[in-house]
1. Name the residue that is surrounded by the most Cβ atoms within 10 Å (Cβ to Cβ), counting only residues in region 69-112 that are among the β-branched types (Val, Ile, Thr) and assigned to a loop (DSSP other than H, G, I, E, B).
2. If you go through region 61-113, how many residues are of a type in the set (Phe, Trp, Tyr) and over 17 Å from the mean Cα position of the chain (by Cα)?
Amino acid sequence: MMEACRDAETPEPVIRVEARGFWFEFPFSPDYMESVLSGDTTQKTTQKRAADRILDILREDPTASRRGIAATLGDITENGVKYHLDKLKGAGRIRRVGPDRGGHWEIVKPHDE
């Protein structure tokens, strides 16, 4: 167990022996604690990840539809894709060129700009 923690670069568990039994304490990694203290919530992380995955799809297929993106991702609805596309447009990261049918997406700002 200790070796596995070292290999994963996570803190080793603390083992305590008391009259009532053994206690194993698994401390959080510094990276995890930093993300929690900085206010990085699971929802923010999940949304960022979904937006990044959508950008990856648009890089490969600028003509991708909401339905196609949702099908490719598999864990998000068409409405969820629309939400992320609207957020990406609002942030100036993408723009739509041409009509809804027959147009394409253009990535204006790459990742983390």
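No value in this document is a laboratory result; all are computed from the given coordinates. Predicted, not measured: the structure shown is a model, and the values here were computed from it. Note that we place each Cβ from the backbone using ideal geometry, even for glycine, and neighbour counts take in every protein chain shown.
1. First, pick out the residues of region 69-112 that are among the β-branched types (Val, Ile, Thr): 69, 72, 76-77, 81, 94, 97, 107-108.
Within this subset, residues satisfying the condition of being assigned to a loop (DSSP other than H, G, I, E, B) are 76-77, 108.
Values: Ile76: 19, Thr77: 11, Val108: 13.
Per the criteria, the residue is Ile76.
2. Of the residues in that region, 1 qualify.
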